[in-house]
Amino acid sequence: TGEQFVYCSGTLISETVFLTAAHCDIGTETACVMFDPELSDRSKLHCGTFIPSPLYTHRQNDPNDIAVVVFDRPIRGIEPATVVSEVGFLDALQASGELNQSTEFVSVGYGGTEFTNQPGGPTAQFLDTRMFAVGTFNALGPGYLRISQNPATGDAGTCYGDSGGPQFLDDLLVSITITGDIFCKSTNVVQRLDTADAQAFLSQYV
């Protein structure tokens, strides 16, 4: 229809590479990205080649749900995020006790906010605006990291449209949003970037 809306989120990880989720594929080789705090008719779109991980599957333990958008020209004026570069980084933190139930992760994205009751039932609100939320560690799996976003415990997290968006641990990008519960108020399920497969894929571009 020509209408613009935020479909997924992501992060600039070099001057020419944008990180997002493989399931954000829209069926074309070209994907367009904007970096404004809020999407508007004046937002500048930067278009590049969408490249998903060849290992992407729908496996529950480690889907390799990672993709990059590679731009022909460098993105100027934005400092790229620092991506974890050590295989097993989160495992090591957990083994040392540094990753525990009080460890906080910062999630960022342009997706929906909390659900409100509407005539047709609970509906997420979409502002197409960049926001962040802080949630605490829940569980660590082979490829997934689970982060609490339960408001009853003071946590917050992500929702529809935040897929591909980052989680930061002390300013280090360690994972990206993949899925969660249907009403976005329990658990943020994210793809680890410190797996051997994720590191092998990312090392081709960063």
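When only residues in the stretch 1-59 that are among the charged types (D, E, K, R) and touching a Ser or Thr at 6+ places or on another chain (Cβ under 9 Å) count, which is least open to solvent (accessible area, probe 1.4 Å)? Spell out how you get there, then give the answer.
If we filter the stretch 1-59 for residues that are among the charged types (D, E, K, R), which is where we start, we get 3, 15, 25, 29, 36, 38, 41-42, 44, 59.
With touching a Ser or Thr at 6+ places or on another chain (Cβ under 9 Å) added as a condition, the list becomes 29, 36, 38.
Working: E29: 133, D36: 54, E38: 103 Å².
By that ranking, first place goes to D36.
Determine which single condition D91 fails, assuming it passes every other condition in (1) open to solvent by 50 Å² or more (accessible area, probe 1.4 Å); (2) under 18 Å from Q199 (Cα atoms); (3) assigned to a loop (DSSP other than H, G, I, E, B).
All conditions pass for D91, except number (3).
So which strands (runs of 3 or more DSSP E) are wholly in the stretch 1-63 and hold at least 2 residues that are polar (S, T, N, Q)?
Details: elements: 11-14, 17-20, 30-33, 46-52.
The strands (runs of 3 or more DSSP E) meeting that bar are 11-14.
Taking the stretch 64-75, which residues are open to solvent by less than 50 Å² (accessible area, probe 1.4 Å) and either of a type in the set (F, W, Y) or not in a strand (DSSP E or B) (or both)?
Here is the first cut: in the stretch 64-75, the residues open to solvent by less than 50 Å² (accessible area, probe 1.4 Å) are 64-71, 75.
Scanning the stretch 64-75 gives N64, D65, I66, F71, I75.
Go through the stretch 102-131 and report how many residues are under 21 Å from G143 (Cβ atoms) and either of a type in the set (G, A, S) or more than 20 Å from the chain's Cα centre (by Cα) (or both). Write out each step before concluding.
Narrowing the stretch 102-131 to residues under 21 Å from G143 (Cβ atoms): 103, 105-109.
Of the ones still in play, those that are also either of a type in the set (G, A, S) or more than 20 Å from the chain's Cα centre (by Cα) (or both) are 107, 109.
Result for the stretch 102-131: 2.
Does I78 satisfy the condition of being open to solvent by 50 Å² or more (accessible area, probe 1.4 Å), farther than 18 Å from Q199 by Cβ, touching a residue at least 40 places away in the same chain (Cβ under 8 Å) and hydrophobic (A, V, I, L, M, F, W, C)? Talk me through it step by step, then tell me what you get.
Details: open to solvent by 50 Å² or more (accessible area, probe 1.4 Å): yes; farther than 18 Å from Q199 by Cβ: yes; touching a residue at least 40 places away in the same chain (Cβ under 8 Å): yes; hydrophobic (A, V, I, L, M, F, W, C): yes.
Answer is yes for this residue.
Give the residues of the stretch 165-196 that are in contact with an Asp or Glu (Cβ under 7 Å, 6 or more places away or on another chain) and closer than 20 Å to G88 by Cα, sorted by residue number.
V174, T177, I178, Q191, D194, T195
Within the stretch 118-147, which residues are part of a loop (DSSP other than H, G, I, E, B) and either free of Cβ contacts under 8 Å to residues at least 24 places away in the same chain or over 30 Å from A92 (Cα atoms) (or both)?
Applying the first criterion (part of a loop (DSSP other than H, G, I, E, B)) to the stretch 118-147 yields 119-120, 125-128, 130, 141-143.
Across the stretch 118-147, the qualifying residues are P119, G120, Q125, F126, L127, D128, R130.
Can you say whether L99 is aliphatic (A, V, I, L, M) and open to solvent by less than 50 Å² (accessible area, probe 1.4 Å), as far as the supplied structure shows?
Yes.
Take V69 and tell me if it is aliphatic (A, V, I, L, M), closer than 21 Å to G109 by Cβ, in contact with a His (Cβ under 9 Å, 6 or more places away or on another chain) and at pLDDT 95 or above. Even if it seems obvious, please write down each step before you answer.
Numbers: aliphatic (A, V, I, L, M): yes; closer than 21 Å to G109 by Cβ: yes; in contact with a His (Cβ under 9 Å, 6 or more places away or on another chain): yes; at pLDDT 95 or above: yes.
Taking the combined requirement at face value, the residue satisfies it.
Of all residues in the stretch 163-192 being part of a loop (DSSP other than H, G, I, E, B) and at pLDDT below 95, which is least open to solvent (accessible area, probe 1.4 Å)? Full working, then the answer.
Within the stretch 163-192, the first condition is being part of a loop (DSSP other than H, G, I, E, B), and the residues that meet it are 163-165, 170-171, 181-186.
Filter once more, keeping what is at pLDDT below 95: 181-186.
Numbers: D181: 47, I182: 113, F183: 90, C184: 29, K185: 119, S186: 53 Å².
Only one residue fits best here, namely C184.
Considering each residue of the stretch 193-206, count those that are free of Cβ contacts under 8 Å to residues at least 24 places away in the same chain and either in contact with a helix residue (DSSP H, G or I) (Cβ under 9 Å, 6 or more places away or on another chain) or assigned to a helix (DSSP H, G or I) (or both), and give that number.
So in the stretch 193-206, the residues free of Cβ contacts under 8 Å to residues at least 24 places away in the same chain come out as 200, 203-204.
If we keep only those that are either in contact with a helix residue (DSSP H, G or I) (Cβ under 9 Å, 6 or more places away or on another chain) or assigned to a helix (DSSP H, G or I) (or both) as well, we get 200.
Residues flagged as free of Cβ contacts under 8 Å to residues at least 24 places away in the same chain and either in contact with a helix residue (DSSP H, G or I) (Cβ under 9 Å, 6 or more places away or on another chain) or assigned to a helix (DSSP H, G or I) (or both) within the stretch 193-206 amount to 1.
Rundown of residues vs (1) of a type in the set (S, T, Y); (2) on the phi < 0 side of the Ramachandran plot, yes/no style:
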position: A21; (1), (2): no, yes
position: G27; (1), (2): no, no
position: T30; (1), (2): yes, yes
position: P37; (1), (2): no, yes
position: S53; (1), (2): yes, yes
position: Q60; (1), (2): no, yes
position: N64; (1), (2): no, no
position: L93; (1), (2): no, yes
position: E98; (1), (2): no, yes
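The values are calculated or read from the model by the stated rules, or taken from the named source; none is laboratory data. The shown structure was predicted, so the numbers you read here are calculated from the model rather than taken from an experiment. Cβ coordinates were reconstructed from backbone atoms using ideal geometry, including for glycine residues, and neighbour counts include every protein chain displayed. Quick note on the areas: whole protein, heavy atoms, side chains included, nothing else; ligands and nucleic acids left out. Shrake-Rupley method; radii C 1.70, N 1.55, O 1.52, S 1.80 Å.
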